[in-house]
Amino acid sequence: MTSTHTGEVDVHTLTDEVIRSFDGTPDRRTKDIMTALVRHVHDFVREIEPSLLEWENAIEFLTAVGKKCDPVRQEFILLSDVLGVSMLIETINDHHVPGSTDSTVLGPFHMTESPSRELGDTIDEVGGPQHLLVMGTVRSTAGDLLPHATVDVWQCNDEGFYDVQQPDTQPAGNGRGLFSTDEQGRFWFRTVTPSHYPIPTDGPVGTLLSATHRHPYRPTHIHFIAQAGHHRPLTTHIFMPGGLYLDSDAVFAVKQSLIGELGTADSGQSALAGVEVGSPVLTVDLVLAPARSGGADAL
Ligand code: BEZ
Ligand code: FE
């Protein structure tokens, strides 16, 4: 790398000087974060050597990201999602316990409380085609079925929109449900089959995707947060098998282990859930790791 001198400022000694300016930071973690941030950002700038116009454009882009945010739209999270940063942070914090279900990103649409529902209810409130039964269990890594576990579910409709994206046509709570497992650790509900969908593209993140010829789609999935006493909460999705975009998720959140099993209802499932034998059934097994000590498992 060349060492450019601009007056008294050297492109390398400047980095040291800025890092030294944080020497008095009382909190150790803050100091380490600021030091690493300056080191990496300066390396990045030295590598790409932006023109003044490019820097202005970058500032304008980040300003537009901030301006797009409101109580139901978080463009910074979306930016972090499409850059793979959300998934990286998710993976770093996963501390996976063998046998437990993999976690994946929360996403921006878990922003309202899911309505409590009874086992077997539909989560569809608009009379869409209810052609999917979701049958699940919540278990521990030791293999015990967990009764009274809570299972929070949210999904988009069959056209790819969450309730919060269509407040005029979908009632709040459509496609959402908060369930409690039965004595055998089971939960089940009926729903419309969700669709793959584009993440919101009407903001600067959409502009970034189209400028880089990236598609905005997420493969078809249902979101779950499962919680049970003495276990780590699990935030995950179950993806529909065989759908589009499983190998090119716009937010990099697919794990092979999270692709669900789609079958058809047998007579037992039909009797339990009141659906016809042969109806489509998505099977979901959520396996929770034991809780860690010291409150490290808060959502
Ligand atoms: C979601 O699955 O709801 C989602 C995740 C990341 C970005 C946009 C949507
Ligand atoms: Fe989603």
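Evaluated against (1) over 30 Å from V9 (Cβ atoms); (2) at pLDDT 95 or above; (3) more than 16 Å from ligand 1 (Cβ to nearest atom), I123 falls short on exactly one condition, (3). Pick out the one residue from S257, S293, S248 that is under 20 Å from E159 (Cα atoms) and either assigned to a loop (DSSP other than H, G, I, E, B) or under 17 Å from the mean Cα position of the chain (by Cα) (or both). Of S257, S293, S248, the one residue that is under 20 Å from E159 (Cα atoms) and either assigned to a loop (DSSP other than H, G, I, E, B) or under 17 Å from the mean Cα position of the chain (by Cα) (or both) is S248. Note on segment 188-247: among residues that are polar (S, T, N, Q) and either away from ligand 2 (no atom under 13 Å from the Cβ) or over 30 Å from L272 (Cα atoms) (or both), the one that is least open to solvent (accessible area, probe 1.4 Å) is T191.
Identify, please: which residue in segment 260-278 is part of a helix (DSSP H, G or I), hydrophobic (A, V, I, L, M, F, W, C) and open to solvent by less than 80 Å² (accessible area, probe 1.4 Å) and is, among those, nearest to ligand 2 (Cβ to nearest atom)? Once the filter is applied, the top-ranked residue is A273.
Within segment 228-245, being within 14 Å of ligand 1 (Cβ to nearest atom), part of a loop (DSSP other than H, G, I, E, B) and touching a Gly at 6+ places or on another chain (Cβ under 8 Å) holds for one residue alone: M240. Can you give me the number of residues within segment 102-158 that are within 22 Å of Q269 (Cα to Cα) and β-branched (V, I, T)? Here the count works out to 8. Note on segment 49-63: residues that are open to solvent by 90 Å² or more (accessible area, probe 1.4 Å) and among the β-branched types (V, I, T) total 0. Segment 29-103 holds helices (runs of 4 or more DSSP H) entirely within its bounds, and those carrying 2 or more residues that are more than 30 Å from A142 (Cβ to Cβ), at pLDDT 95 or above and away from ligand 1 (no atom under 16 Å from the Cβ) map to 52-68.
The values are calculated or read from the model by the stated rules, or taken from the named source; none is laboratory data. Computed from a predicted structure; not experimentally measured. When we count neighbours, we look across all protein chains shown, and the Cβ atoms used for this are built from the backbone with ideal geometry, even at glycine. Ligands, DNA and RNA are excluded from the accessible area calculation, which covers all protein heavy atoms including side chains. Shrake-Rupley method; radii C 1.70, N 1.55, O 1.52, S 1.80 Å.
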